[in-house]
């Protein structure tokens with residue numbers, strides 16, 4: 001579907017290329033109000049884990065039961081309360097986008113999706129309105145499989161044996177018509193039938209089943225020496241080899257021997273020794289683990305005696321009562337400042353480069369955590385087009401948007417061509433380098449929009 005939005009004659013359009021508006025100001029204010037990450041003051045007990053996965057939201061390596069405040073002295077930890085959901089001790093942050101799902105259909109057009117989640121204490125900001133689910137069109141292959149048809153059966157092949165009964169085969173091909181787009185034909189490509197050569201075959205000898213094991217050549221096993229053996233036998237009578245035509249005798253030996261097993265030794269059951277002293281706490285801050293061990297050596301089991309029942313190791317929670325360092329986290333960059341000339345020469349509405357700066361803040365650092373890595377101030381080149389009167393031209397097609405809504409019928413995506421200022425007189429094509437809001441005439445330019453349907457979305 002294609003539509004056009006007619007431009008209004010002799011009207012000056014003001015285009016904002018930077019997020020200097022009321023929404024960004026509100027976001028900045030919210031960020032400042034949040035300030036340094038404040039841990040929730042929760043007193044009830046929870047199951048404390050030493051690992052939280054930001055990609056899966058799963059807690060692992062259970063330490064034991066502790067108060068949430070104590071568990072969250074380490075921001076890398078996680079905990080579960082009565083609802084069973086795993087929660088992160090860290091400051092609220094978005095997970096990475098999941099891998100794209102498989103296309104909803106195996107052929108022709110469908111959609112695929114990816115997701116992200118907000119984990120941690122607080123609220124994840126979404127200034128670009130990316131949401132938690134993104135949906136886009138996909139096509140695994142352009143055609144769908146179509147089954148083929150079988151040819152006529154070929155001639156029977158010779159019988160598989162040279163005497164008495166065997167089998168014979170015949171084949172056909174999937175070519176009438178050939179299958180399309182990777183499909184095949186239903187049914188077998190080969191058929192078998194019995195056949196009889198009417199010639200007597202020789203009978204080859206076969207072994208009977210092994211007889212029972214004879215008695216052991218001893219009554220006990222001596223420690224450190226090979227145990228005694230016992231013997232069993234069989235006969236070449238299942239069937240016996242034929243005389244005319246002469247069949248082959250059985251191959252192999254008619255005797256078999258093995259070591260006797262199960263001869264008695266005196267059994268000694270194992271018993272645990274004393275528990276060791278607890279190990280030092282596994283961490284230097286927050287909640288950790290102490291371990292004690294014992295050995296099955298008082299006495300150790302011998303000659304088939306039972307091993308000690310129970311665990312050789314036990315763990316308990318230890319609390320250092322020391323909060324863990326929390327590293328600083330950069331806020332989003334503030335909007336770029338005004339474009340300034342590097343000298344006394346005028347740069348407004350000129351093709352001369354100026355410079356501008358933007359800043360960001362390092363927030364959330366506590367308990368001697370690391371400061372943010374990187375610079376607090378960023379400088380960049382710019383062209384000042386604030387208030388410049390420029391010609392309006394039609395942009396290139398934008399990228400197709402994500403499908404909206406993310407499920408059910410009637411989902412669509414769009415792309416657009418819009419009126420933008422003509423920057424052909426500059427040496428760059430990246431609009432991000434331009435500073436200020438120009439005035440540009442769109443009298444002879446009409447915006448264009450295309451809408452297309454997204455097919456085969458999952459049900460809501």
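Every residue, every condition in (1) touching a residue at least 24 places away in the same chain (Cβ under 8 Å); (2) within 30 Å of residue 455 (Cα to Cα); (3) not assigned by TED's automatic domain parsing to the domain that holds residue 446, yes or no:
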position	(1), (2), (3)
359	yes, no, no
362	yes, no, no
366	yes, no, no
369	yes, no, no
373	no, no, no
381	yes, no, no
385	yes, no, no
399	no, yes, no
418	yes, yes, no
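Comparison of 271, 238 shows that the only residue that is on the phi < 0 side of the Ramachandran plot, over 55 Å from the mean Cα position of the chain (by Cα), assigned to a loop (DSSP other than H, G, I, E, B) and touching a residue at least 12 places away in the same chain (Cβ under 8 Å) is 238.
Restricting attention to the range 320-337, the residues being outside the structural domain of residue 369 (by TED's automatic domain parsing), surrounded by 15 or more Cβ atoms within 10 Å (Cβ to Cβ) and more than 34 Å from the chain's Cα centre (by Cα) number 1. Return yes or no: is residue 159 at pLDDT below 90 and in a loop (DSSP other than H, G, I, E, B)? When the stated conditions are applied, residue 159 does not pass them.
Of the strands (runs of 3 or more DSSP E) that lie entirely inside the range 413-460, those containing 1 or more residues that are surrounded by fewer than 16 Cβ atoms within 10 Å (Cβ to Cβ) span 447-453. Scanning the range 306-319 for residues that are assigned to a loop (DSSP other than H, G, I, E, B) and exposed (fewer than 15 other Cβ atoms within 10 Å of the Cβ) turns up 306, 307, 309, 310, 311, 312. Return the pairs, sorted by first residue and then second, in which the second residue is at pLDDT 85 or above and exposed (fewer than 13 other Cβ atoms within 10 Å of the Cβ), the first residue lies in the range 36-57 and is outside the structural domain of residue 365 (by TED's automatic domain parsing) and in a loop (DSSP other than H, G, I, E, B), the beta carbons are less than 9 Å apart, and the residues are 6+ apart or on different chains. From residues that are outside the structural domain of residue 365 (by TED's automatic domain parsing) and in a loop (DSSP other than H, G, I, E, B), the pairs are 44/82; 53/60; 54/96; 55/96; 57/85. Checking each residue in the range 88-101 for being within 20 Å of the chain's Cα centre (by Cα) and in a strand (DSSP E or B) picks out 88, 93, 94. Among the residues of this structure, residue 80 counts as one that is out of contact with any helix residue (DSSP H, G or I) (no Cβ under 8 Å at 6 or more places or on another chain), surrounded by fewer than 19 Cβ atoms within 10 Å (Cβ to Cβ) and at pLDDT 90 or above. Of everything in the range 287-312, what is more than 30 Å from residue 225 (Cα to Cα) and either touching a strand residue (DSSP E or B) at 6+ places or on another chain (Cβ under 7 Å) or modelled with pLDDT of 95 or more (or both)? Give them in sequence order. Within the range 287-312, 287, 288, 289, 290, 291, 292, 293, 294, 312 meet the criteria. Of the listed requirements (1) farther than 28 Å from residue 364 by Cβ; (2) modelled with pLDDT under 90, residue 100 misses just one: (2).
The values are calculated or read from the model by the stated rules, or taken from the named source; none is laboratory data. Note that the structure is predicted; figures quoted are calculated from it, not measured. Ideal geometry is used to build each Cβ from the backbone, glycine not excepted, and the neighbour counts take in all protein chains shown.
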